[in-house]
Structure formats: structure tokens, C-alpha cells
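Novice: Below you'll find the structure I mean.
The values are calculated or read from the model by the stated rules, or taken from the named source; none is laboratory data. Since the structure is predicted, the reported quantities are computational estimates derived from the model, not experimental observations. Note that each Cβ is placed from the backbone with ideal geometry, even for glycine, and that neighbours are counted across all protein chains shown.
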Amino acid sequence: MARKIVTRLTERGETVATAESLTAGLVCVTLTEVPGSSAVVRGGLVVYATDLKNSLAGVDQALLDEHGAVHPEVAAQLAEGARRRCGADWGLGLTGVAGPDPQDGVVPGTVHVGLAGAGLRTVRTCWFEGDRAHVRTESALAALSLLGEHLA
């Protein structure tokens, strides 16, 4: 999937950036394993700590205070923040709970993936069962899938 995304972005002359919480850079790593990805991957923000979601990615502090870090609107703002801060055409934002314990009352396996582009802002909410590694891997794949759908 990553290879197809890199190819499609290259064909379109577009770029992507990420702001990742629970995946801690896994989406960016997956994309940059593809030869030629340096032409389309602008960079990524690892915003594992809640305060970094605001200070690095520009997520609204009032939103974080009211709803916590795991919320669909946080994913949307992470995506837009990645796009804006890295100067990319597309931004992906991921937030969720990999487990094993809940976070702010949100059950493990809950993931929100945001995508931002010119005139586009969307969020997909997913639920994955399994251990931390599985939830993180499936989250990265969900983000790539969402971007891939909009590049098709």
C-alpha cells in the first residue's frame, strides 16, 4: 500500500506529512521505506505527549482540555497541523489508545485517523482488537488506506 501511495503522490506532484500520537512515527516510517519516498514525504511530527499536540501540531488547547487527546476533532487538527507545519499537500493525523489500559475513559483499540488536503478534511474512527503492536500496525494501515482512497 505504501508503494502505491508514494507512486501516486509522485505522479500527482504532491506531498504528505504526518502528526502521529499512538503510532509514534510508524506511518512516516512505513512511507519512507519505499524507494523514492523522499520526493513526496515532507516529514512527520511525533506528538505522543498531549501538550505536544498543541505546541507542535497546533491542536486547540481548549479542545484537548475538554475532550482529551483521543477525539475525532483532535485527529482532524493533527492532520491539518502536519500539513501546515511541514508545508505538505496532504496531512495525516492519528490519535488513539493502543492499550492495554483505557486513556481518559476511552477504551483500548479506539483510533481516530484524520486526513487534510486542499478543500478536504475528514476523520475515520476505527476499533481494533489485539495487543499494542497490533493496534498500532492496524492504525498505520488505516491512515495509509484513507490517504490512498483520496489519491485514487
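Novice: Of the conditions (1) surrounded by fewer than 15 Cβ atoms within 10 Å (Cβ to Cβ); (2) at positive phi; (3) touching a residue at least 12 places away in the same chain (Cβ under 8 Å), Gly13 satisfies every one except a single condition; which number is it?
Specialist: Among (1) surrounded by fewer than 15 Cβ atoms within 10 Å (Cβ to Cβ); (2) at positive phi; (3) touching a residue at least 12 places away in the same chain (Cβ under 8 Å), Gly13 violates only (3).
Novice: Okay, moving on. Hey, could you check segment 42-55 for residues that are in contact (Cβ under 8 Å) with a residue 24 or more places away in the chain and touching a helix residue (DSSP H, G or I) at 6+ places or on another chain (Cβ under 7 Å) and say which is surrounded by the fewest Cβ atoms within 10 Å (Cβ to Cβ)? Spell out how you get there, then give the answer.
Specialist: Taking segment 42-55 first, the residues in contact (Cβ under 8 Å) with a residue 24 or more places away in the chain are 42-48, 53.
In the following step, the residues that additionally are touching a helix residue (DSSP H, G or I) at 6+ places or on another chain (Cβ under 7 Å) were identified as 42-45, 47, 53.
Numbers: Arg42: 19, Gly43: 16, Gly44: 25, Leu45: 23, Val47: 27, Lys53: 26.
So the residue we want is Gly43.
Novice: Considering only segment 2-36, how many residues are in a loop (DSSP other than H, G, I, E, B) and either over 15 Å from Ala142 (Cβ atoms) or modelled with pLDDT under 95 (or both)? Let's see the steps before the verdict.
Specialist: First, the residues of segment 2-36 that are in a loop (DSSP other than H, G, I, E, B): 13-15, 21-25, 33-36.
When the remaining residues are screened for being either over 15 Å from Ala142 (Cβ atoms) or modelled with pLDDT under 95 (or both), the result is 13-15, 24-25, 33-36.
The total comes to 9.
Novice: All but one of (1) part of a helix (DSSP H, G or I); (2) touching a residue at least 12 places away in the same chain (Cβ under 8 Å); (3) exposed (fewer than 14 other Cβ atoms within 10 Å of the Cβ) hold for Glu149; state the number of the condition that does not hold.
Specialist: (2) is the only condition that Glu149 fails.
Novice: Let me ask you something else. Please specify each residue of segment 77-132 satisfying the condition of being acidic (Asp, Glu) and either under 21 Å from Ile5 (Cα atoms) or in contact with a strand residue (DSSP E or B) (Cβ under 9 Å, 6 or more places away or on another chain) (or both).
Specialist: Matches in segment 77-132: Glu80, Asp89.
Novice: Being of a type in the set (Gly, Ala, Ser) and touching a strand residue (DSSP E or B) at 6+ places or on another chain (Cβ under 7 Å) is true for just one of Ala17, Ala49. Which residue is that? Explain how you work it out, then say what you get.
Specialist: On the way: Ala49 fails: touching a strand residue (DSSP E or B) at 6+ places or on another chain (Cβ under 7 Å).
From the options Ala17, Ala49, the qualifying one is Ala17.
Novice: So, of the residues in segment 23-41 that are β-branched (Val, Ile, Thr) and within 19 Å of Thr10 (Cβ to Cβ), which turns out to be surrounded by the fewest Cβ atoms within 10 Å (Cβ to Cβ)?
Specialist: My answer is Val29.
Novice: Follow-up question, since we're still on this one. Please go through segment 95-120 and pick out each residue that is among the β-branched types (Val, Ile, Thr), without any contact (Cβ under 8 Å) to a residue 60 or more places away in the chain and part of a strand (DSSP E or B). Spell out the reasoning first.
Specialist: Step one: list which residues in segment 95-120 are among the β-branched types (Val, Ile, Thr), which gives 95, 97, 106-107, 110-111, 113.
From what's left, without any contact (Cβ under 8 Å) to a residue 60 or more places away in the chain: 106-107, 110, 113.
Those that are among the β-branched types (Val, Ile, Thr), without any contact (Cβ under 8 Å) to a residue 60 or more places away in the chain and part of a strand (DSSP E or B): Val106, Thr110, Val113.
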